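Heads up, the thing below is written out as structure tokens.
What follows draws every value from the coordinates through simple rules; no lab data is involved. Please read these numbers as outputs of a predicted model, since none were measured by experiment. Virtual Cβ from ideal backbone geometry, glycine too; neighbours counted across all protein chains shown.
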Amino acid sequence: SVNPDLASERQTASFSVEKLTTLLDGGVEHTRIRRAVVEAIEGDPIFSRENQYFQSQNERYEAAVRKAVHLQKKMHEMGWTENGPEFKYIYRALSGDIAFLLHRIFMRCISVLGSDKQIAKWVPLASQYQLIGSYAQTELGHGTYLQGLETTAVFDIATQEFILNTPKISAMKWWPGDMGRSATHTVVFAQLCIHGKCYGVHPFIVQIRSLQDHSLCPGITAGDIGPKMNFEHTDNGYLLLQNVRIPRENMLNKFCEVQPDGTYVRRGSQQINYFTMTTVRITLISDEVIIPLMKACTIAIRYSVVRRQSKLKPGEQEAKILDYQTQQEKLLPQLAAAYAFHFIKDYLQELLDKGHREIQRKNFDTLPELHAFSSGFKAVVTQYCTSAVEICLRACGGHGYSLLSGLPSLYTKILASCIYEGENTILLLQTARFLMKCFMAASTGQPVPPSVTYLAAGKPGKCPAKNKLDFLSPDIYTEAYQHVAIRLVSSTAAKLQDLIQSGLKKHDAWNQCTVQLVQAAKAHCHYITVKNFAETVEKLETKAGIQKIMKHLCDLFALHGMFSNAGVFLHDGYISGAQMDMVTASYLDLLAVIRKDAVPLVDAFDFTDKSLNSALGSYDGQVYQRLYEWAQKSPTNKQISPAYERYLKPLLHNTRSKM
Amino acid sequence: VMMMVVNADLRRERAAATFPPELLTHILDGGAERTRRRKEIEALVFNDPDFQHEDLNFLSRSQRYEQAIRKSSLMVMKLREYGIADPEEIYWFKSFVHRGRPEPLDLHLGMFLPTLLTQATPEQQDRFFMPAWNLEIIGTYAQTEMGHGTHLRGLETTATYDPATQEFILNSPTVTSIKWWPGGLGKTSNHAIVLAQLYTQGQCKGLHAFIVPIRQLGTHEPLPGITVGDIGPKFGYDEMDNGYLKMDNFRIPRENMLMKYAQVEPDGTYVKPLSDKLTYGTMVFIRSLIVGDSARSLSRACTIAIRYSAVRHQSELKSGEPEPQILDYQTQQYKLFPLLAAAYAFHFVGAYIKDTYRRISGDISEGDLSELPELHALTAGLKAFTSWTANAGIEECRMACGGHGYSRCSGIPDIYVTFTPSCTYEGENTVMMLQTARFLVKSYNQVSSGQRVTGMVSYLNDLSRQRIQPQHVAARTVTVRINDPVSLVEAYKARAARLVEAAAKNLQAELNHRKSKEDAWNRTSVDLVRASEAHCHYVIVKLFTAKLSEISNAAVRAVMTELCLLYALYGINKNTGDFLQAGILTDAQITQVNQHVKELLAIIRPNAVALVDSFDFHDVHLGSVLGRYDGNVYENMFEWAKKSPLNKTEVHESFHKHLKPMQAKL
């Protein structure tokens, strides 16, 4: 039975939860398919995550391999295919707890960078699992900065082979998933050398383990890099190469080739690589970032209406902690952010699809914009959502700290997203570089991509709001965000110019402005997010109360940003002190309004209990009972622990004489 | 013995420092003699083969608990063998043995024994103290329940007095009343001090403490009527058997209620305690420890991140030149140096609270409790402020180490998961901030009604003088000199005054709308928390600034002044809105502040490594491959990884179990 404290929250929803779920899924049909996939996966005991929190790294890895193997069978059984509509929901249903994700990257890498001949040779083998692949790019000493990689591939004309080496310890491949234990092959990125000349980083297919007995190949040292904050199920690995020889045909050669005589030939545009990177970043935002935040919100908000603590009025029952303004102020902005970023994901996806169509027509003009946007939003969304999940975790007090709450593992997983696929600070600086360029172009009247034309529209002015209700007008706050973005971009550009004109070298000037550049890039992304949220709300159907509640969330997201970054809005007087008090008042009022719909708003995310895997967040709200039951399953509760016999018993019985 | 070859980058960094790090270490320790003694104890522990073991990262939770218990029992014996009795020295010893982690006897040593000393009658001390001292009795302190933490009055466990048998009957009447979280309860303890609602003669007399045996001496089996166990895996605290305890009509003799203050007579008559203010003292003490802990945990994380950033080279600042140390990037400095400054600030704040507590607790025994309410209110807020900052700061440090920070070998994940619960325990942080706010509002109201207030809130006195003027409180504030810490203290003071006043006025406005007192308070609580934060921030800047004049060595004072300025200016940089809105600083000054922050980053840069060396963490204590003193990071990461449990065999069993059969089938 559902805890009455949770049940009562659902009776007063101001909108149709099912309609909102459908909106989030993108249509009734998608909701139906998603639910079918979830049901099939969760109904299969092999995919169970029931005892996950009690398992060791070894057990987690083994379970992930078992699941990956079983998934092949399951897909066949269910008639799911890689290109089918079900596929994107499988990963979500598994909560990512599966091996061979890098195997997929291995295949994609060959498809993008390999010649037709190479694709024909390797991809069928990989899709039949006759080999297991990985993707070895990152080294101990180098991550995001690819040019710095130190692994070498020297071409030997005599044997028509490449000789791969790890010349020093920092050149060891480090981190690639599936490589520590599983992979038989991997794509190694190495500096290509021919006749003593270096041609930069190139991809090579290298076999690392025997296809017969899985033992390491000659010249290969490989293993697992040891425990991490999360990803216990993944065997992130290291790889050391000592004079490993591979045939000339193993260099992926769609874009460049080493001919038998050692001549290096480059062909076609490599720009398509940028497009791949962009695609990965946008997919990552939805799978690895927004979904975990939605889960964390679900857990924390449901728990906050079940947990009662202290009294709001003497003589009354203890209050639900969600009724405290401070708790609302912690959680509801995170909920609003989950929706804001869900809609920005749609926006980016659209941009990406458009870009894809252009590229197919051999028009690469949209690439810089796409690249800048995917970098900036990857950084902003991962960073925002990571701290949002941590806020949810800490908002659950002591019980949030238990692994059984599900929150620690959501947090430790999402925070990795701030690093992989490009370290966030570096990505923001890439976005900033694009903005600087566009700003310069715009101010000299040159054309710029439509998303940044606003940079040319900067004009001094004041916010026209007269009372706190004015701040519930999207025009008012969107304008304020735009104003701040323009101010930060233009003042940073001016600063950069000043420093260069004062005689500083360009790169020194750049480094001296990086803190400001990062801030400008964030302001740009924040503005686009607010604007997109407001525009999305406007287009929503007014039926079923959806538009109204989404409008509240949009207002909350926008005003929360102004409340928390008051300084940048006040700085040039665009917003006055009195207006900032109005922002605060409107913002705090909104908390109480959204409070009423908080539970329906997380119910709409439509996570099953199994996918939340949380003692605090399940649909029925039987928090304490479940916490107690789950704790009893802990292996530490085997009646007598070995520590008792070995250490406690002697301590309790024999120590007196020694003291 | 192999000579330790220090990484060339770190050697250069250390050679370039402008001050002798050991002098700063002495300041942190409270004198050269304290440093010497600390290092002596450190050597005692780290040179003792009994305290050595495999890297804990590779052990299961059960194994980690086992190691901890092993070390704890040795620790108790050795402390006595060495005659170490000073509380601070015990703290060091314990911290070295357990490398800054919690351990299963923490509650026995830190709560069970002290509670016996302060709350037990002489008769009870005779019965329990020596057996507990000799570890025949291992106790814990069972307060928190599944349903209630910080809000103590809500606890549901009952102790009902039965005059017929002269016993208390203990019960856990609901699921939510099950004791949950106490350390050492899950597997280790055979006794617990249980907090329960006392019922006698049909009346509830509120929370009282009872000594409850929970496990059979000899077999260690739970006693009939007792259900006890481990609460399962957590984010951190793997060494600790946090436990649950459920009692069903469990009877204990009347004499097991701790009766030094309140008493239940044989016939059930309840005798009230004299004063309950005394419990304040313990809370102040524990919260002051957390402030110190915030400083230390943040220092550890900074040490790791800054040393690693000096060793790691990446990308290019100037094309064609060698890759620079990542510490040379402004963005990296901007992430790390303000945290370094905060770590120092918190050290000084922790020391201040400890000293003040010592001074006041002298007064307590002489009956002067007048300063206690302010100190209590202040430590609540500072506990929250410093632990929030440190919590976020540790994560910043980890992120600043990129991918390798995510590996357990960096040591930062462990610092984080060990530290983060301090935002919750000993008073949930938001609740703590609101306690401070209550004191601030009270002080503000006193000033409004014409009284003067003293201590850290005395700035509120100025508000009454300003009230005659029509403008905003701070609008007439003196010019702030952004290069002068003393002047910045004034700026922080003005900000605190403005936010306290705004919160108090908003509260009054809510009250005027005829809202109930509680409702009005709740509807103002976001403002109230902001006011408390501003007050704490002011206190920290003030204490840091005051510390500077105590530093005699000019070179050390110079670098500390830079850090203090950075701390103060960065705080403005992050809270620009408050300073602008109150008119304390102008747009132009804010721009200058932001510029000066960046200049300070460059000024501090050459001393960064020396500044973390001064924290003087032993490598074993630091537990980080990235933060090693010698900077030989990459070699040691490889050595570390080879010990991973997944690497026990070259071919993992999963290959035979799953991969091979699959390949055969497809």
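Quick notes
- Neighbour cut-off at most 12 other Cβ (10 Å), DSSP loop, trypsin sites (Lys or Arg not before Pro), region A:241-303: A:ARG267
- Estimated FRET transfer efficiency when R0 is 41 angstrom, pair B:ASN461-B:ALA32 (beta carbons, to 0.05): 0.50
- Amide H contacts for A:LYS311 (H built 1.01 Å from N in the peptide plane; partners 5 or more residues away or on another chain; cut-off under 5 Å): A:ALA319.
- Leading residue at positive end of dipole, region A:424-604 (Cβ point charges), from A:PHE533, A:ALA456, A:PHE434: A:PHE434
- Relative contact order, whole percent, for region A:133-267 stands at 27, derived from Cα pairs under 8 Å and 6 or more residues apart.
- Inter-chain neighbour count for B:572-580: the average number of beta-carbon atoms from partner chains within 10 Å of each residue's beta-carbon is 5.
- Rough spin-label spacing in nm, given labels placed 7 Å along Cα→Cβ, for B:LEU317 and B:VAL620: 3.8
- Classified by the C-alpha gyration tensor, region A:424-604 has a prolate form. Its axis ratio a/c, with a ≥ b ≥ c, is 1.5 or above, and a/b is larger than b/c.
- Restriction of the trypsin sites (Lys or Arg not before Pro) in region A:62-171 to DSSP coil positions whose beta-carbon has at most 14 other beta-carbons within 10 angstrom yields A:LYS168.
- Overall form of region B:137-273 per C-alpha gyration tensor (a/c, 1.5; a/b vs b/c): prolate
- Under Karplus coefficients 6.51, -1.76 and 1.60, residue-wise ³J(HN,Hα) of region A:220-225 in Hz, glycine/proline x: 9, 10, 8, x, 8, 7
- Equivalent ellipsoid dimensions for region A:133-267 as semi-axes, Å, which come from the Cα gyration tensor, largest first: 26, 16, 12
- Put a dot 7 Å past the Cα of A:LYS437, heading toward its Cβ, do the same for A:LYS73, and the two dots end up 5.2 nm apart.
- Whole-Å distance, taken between Cα centres, linking region A:386-403 and region A:170-216: 39
- Residues within the reach of a label modelled at A:LYS311 (point 7 angstrom out along Cα to beta-carbon, backbone nitrogen below 16 Å), restricted to region B:181-221, are B:204-207.
- Once the Cα-Cα distance is subtracted from the 0.36 nm per residue extended length, the B:GLU550 to B:THR479 segment shows a gain of 22.9 nm.
- Measure of compaction for the protein assembly as shown (Cα Rg per 2.2 N^0.38 Å): 0.93
- Label-point separation, A:GLN501 to A:GLU358 (7 Å along Cα→Cβ), nm: 3.3
- Peptide B:615-625 is shielded by partner chain Cβ atoms: per residue, an average of 0 of them sit within 10 Å of its Cβ.
- Shown is the FRET efficiency for B:LYS648 and A:SER269, computed with R0 = 60 Å from the Cβ-Cβ distance and rounded to the nearest 0.05: 0.80.
- Net charge in the neighbourhood of A:VAL452 (other residues with Cβ under 13 Å of its Cβ; Lys, Arg +1, Asp, Glu -1) is +2.
- For region A:228-260, the residues whose amide N sits under 14 Å from a probe point set 7 Å from the Cα of A:GLN160 along the beta carbon direction are A:246-251, A:258-260.
- The slack in the chain from B:THR118 to B:SER449, taken as 0.36 nm per residue of separation less the alpha-carbon distance, amounts to 115.2 nm.
- Relative contact order, percent, chain B [alpha-carbon distance under 8 Å, six or more residues apart]: 15
- Cα shape, chain A, gyration tensor, a/c 1.5 rule: oblate
- Look at B:SER370, B:SER387 and count the other Cβ atoms within 10 Å of each Cβ; fewest to most, that gives B:SER370, B:SER387.
- Within chain A, helix-based [θ] at 222 nm, where runs of 4 or more DSSP H residues each add -39,500 (n - 2.57), nearest 500: -17000 deg cm²/dmol
- Computed lengthening from A:LEU146 to A:GLN212, 0.36 nm per intervening residue step minus Cα-Cα distance: 20.4 nm
- Within chain B, helix-based [θ] at 222 nm, where runs of 4 or more DSSP H residues each add -39,500 (n - 2.57), nearest 500: -16500 deg cm²/dmol
- DSSP beta bridges fully contained in the protein assembly as shown are about 80 percent antiparallel.
- FRET efficiency, 1/(1 + (r/R0)^6) with R0 60 Å, evaluated for B:LYS517 and A:THR542 via beta carbons: 0.90
- Peptide B:523-533, shielding by other chains (average Cβ, 10 Å cutoff): 3
- Within chain A, DSSP assigns beta bridges of which about 80% are antiparallel (rounded to the nearest 5).
- Residues in region B:569-577 carry Karplus couplings, in order, of 6, 5, x, 5, 4, 8, 10, 3, x Hz; the curve used is 6.51 cos²θ - 1.76 cosθ + 1.60 with θ = phi - 60°, and Gly or Pro positions show x.
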